[in-house]
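Contents: one structure, followed by commentary.
The values are calculated or read from the model by the stated rules, or taken from the named source; none is laboratory data. A quick note: this is a predicted structure, and the numbers were derived from the prediction, not measured. Cβ coordinates were reconstructed from backbone atoms using ideal geometry, including for glycine residues, and neighbour counts include every protein chain displayed.
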Amino acid sequence: MRTVYWHFGLMILLGVFGGCRSTQPAAPASKWPSADPMLSVNTLIEAPEDFAAARIGSTDYPIPPYAKYLEGVKICLDPGHGGDAHKRGYKRGPTGVREAEMNLRVAKYLRELLETAGAEALLTREEDVDLSLADRAAIANEWGADLFLSLHHNAIDNKPQVNRTSIWYHNDVDYRPANLDLARYLCYGLYDSIALPQITGVPLKSDQLMYESGFGILRHAEVTAALTESSFFTNPEEEQRLRDPEYNLLEAHGLFIALAKYAAAGLPKAYLIEPEGGLVLSGPGQTLVFELDDGLRSRKSWGHDRRMILTDSIAVHLDGQRVPYAFSDDGERYLLTVSLPDDLTPGDHAVEIQFQNMNKNSVLNPHCVIEVP
């Protein structure tokens, strides 16, 4: 059974207003290694190296059968912040618990869960170091990640009572629909695991609500990406829970289950197969042929020869404008043929392929750039 700590005052409060959940342990009183808690490091409750490994696969932290579809999926995890302990009070809770530390531990626990299921997982940082937003995203881009998660916890000034989950995507809803898929799965995974009693009406948020150009980490990402704000460390009770390795693992497991469900529903992709030799064309007026992968047919399940792509969801854009295409399905392969206009000017041109599979998951890698000499 999972060890549970009860904070007496919190238990009374929750008893009055509807009861408490055993999945939200509150940590014991703080003990700081520094005389000034707002400059402290190692602000989390210490945990043995094998803390997660010893629990993964237990009744509390199961690896469900559908997690097998994570095998081979490349997932880059970005523990937000780091290297900022010298900034007094920066990204800390009321008693000095550091966001950078909770982000890193959740990321490490999530990596263990993912690797147990056969996924490939890479962290942008392993230690308490500072990396630029562009450098973090570049790690995911250059590695060729399928998915990129930037892991954070939230804060709000002068409102300690606030504590809810939100997941952020870049730009608008049409920019990269797969970002919305990822964000949606992550949100409901956290809803089911840490199960905060507060919710916001629309938990999936555009990063342009915060900055006109969006979050740097998501703006620089060239792969399907989302940023999690799992809970608020400025909430006093939540801050203490976030020190607890059991609670960190609970959060990581919720994210893991979300990713497993996402993968189980199929991760669609599109591949340019003609012209052979890449994205440099011999001239305008050529034909591009893409092979579409619904993320499901290759499993060879009964009925795999039936179409599992929603044909009305297919859209092809050239330099932001819709262009006609021909779609075919012979029961084994989906092919998408796009004829380029004869008057296409020399230079780079952006091509975007969008579609949804039968589970409404959108294509992970919709963008490519072709060069016309």
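Take the residues in region 88-128 that are among the aliphatic types (A, V, I, L, M) and closer than 20 Å to Ile45 by Cα; name whichever of them is surrounded by the most Cβ atoms within 10 Å (Cβ to Cβ).
Met102
Conditions tested, residue by residue: (1) closer than 30 Å to Ser230 by Cβ; (2) touching a Phe, Trp or Tyr at 6+ places or on another chain (Cβ under 7 Å); (3) modelled with pLDDT of 95 or more.
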site	(1), (2), (3)
His253	yes, yes, yes
Ala260	yes, yes, yes
Gly277	no, no, no
Gly283	no, no, no
Leu318	no, no, yes
Ser339	no, no, no
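For region 277-289, enumerate the residues that are under 33 Å from the mean Cα position of the chain (by Cα) and either closer than 30 Å to Asp181 by Cα or assigned to a loop (DSSP other than H, G, I, E, B) (or both). Show your work before the answer.
Within region 277-289, the first condition is being under 33 Å from the mean Cα position of the chain (by Cα), and the residues that meet it are 277-280, 288-289.
Across region 277-289, the qualifying residues are Gly277, Gly278, Leu279, Leu288, Val289.
For region 199-224, which residues satisfy the criterion of being assigned to a loop (DSSP other than H, G, I, E, B), closer than 23 Å to Val162 by Cα and of a type outside the set (Gly, Ala, Ser)?
Those that are assigned to a loop (DSSP other than H, G, I, E, B), closer than 23 Å to Val162 by Cα and of a type outside the set (Gly, Ala, Ser): Ile199, Thr200, Val202, Pro203, Met210, Tyr211, Phe215.
Filter region 300-325 down to the residues that are outside any loop (DSSP other than H, G, I, E, B) and without any contact (Cβ under 8 Å) to a residue 12 or more places away in the chain, then identify the one that is surrounded by the most Cβ atoms within 10 Å (Cβ to Cβ).
The extreme case among them is Arg322.
What about Thr228, is it within 23 Å of Pro94 (Cα to Cα) and assigned to a strand (DSSP E or B)?
Values: within 23 Å of Pro94 (Cα to Cα): yes; assigned to a strand (DSSP E or B): yes.
Considered against the rule, which asks whether it is within 23 Å of Pro94 (Cα to Cα) and assigned to a strand (DSSP E or B), Thr228 comes out as yes.
For region 174-198, what are the residues that are surrounded by fewer than 21 Cβ atoms within 10 Å (Cβ to Cβ) and either in a loop (DSSP other than H, G, I, E, B) or outside the structural domain of Leu77 (by TED's automatic domain parsing) (or both)?
Those that are surrounded by fewer than 21 Cβ atoms within 10 Å (Cβ to Cβ) and either in a loop (DSSP other than H, G, I, E, B) or outside the structural domain of Leu77 (by TED's automatic domain parsing) (or both): Asp174, Tyr175, Ala195, Leu196, Pro197, Gln198.
Only one of (1) under 16 Å from the mean Cα position of the chain (by Cα); (2) surrounded by fewer than 24 Cβ atoms within 10 Å (Cβ to Cβ) is not met by Ala140, so which one is it?
Answer for Ala140: the failing condition is (2).
Sort out for me the strands (runs of 3 or more DSSP E) sitting completely within region 46-155 that have 2 or more residues that are in contact with a strand residue (DSSP E or B) (Cβ under 7 Å, 6 or more places away or on another chain), without any contact (Cβ under 8 Å) to a residue 60 or more places away in the chain and under 29 Å from Leu267 (Cβ atoms).
Working: elements: 74-79, 120-123, 147-154.
Counting at least 2 such residues, we get 120-123.
So for region 328-348 (the condition being outside the structural domain of Lys108 (by TED's automatic domain parsing), in a loop (DSSP other than H, G, I, E, B) and under 25 Å from the mean Cα position of the chain (by Cα)), does at least one residue qualify?
Among the residues of region 328-348, not one is outside the structural domain of Lys108 (by TED's automatic domain parsing), in a loop (DSSP other than H, G, I, E, B) and under 25 Å from the mean Cα position of the chain (by Cα), which makes the answer no.
Does region 232-255 contain any residue that is aromatic (Phe, Trp, Tyr), surrounded by 24 or more Cβ atoms within 10 Å (Cβ to Cβ) and in a strand (DSSP E or B)?
yes
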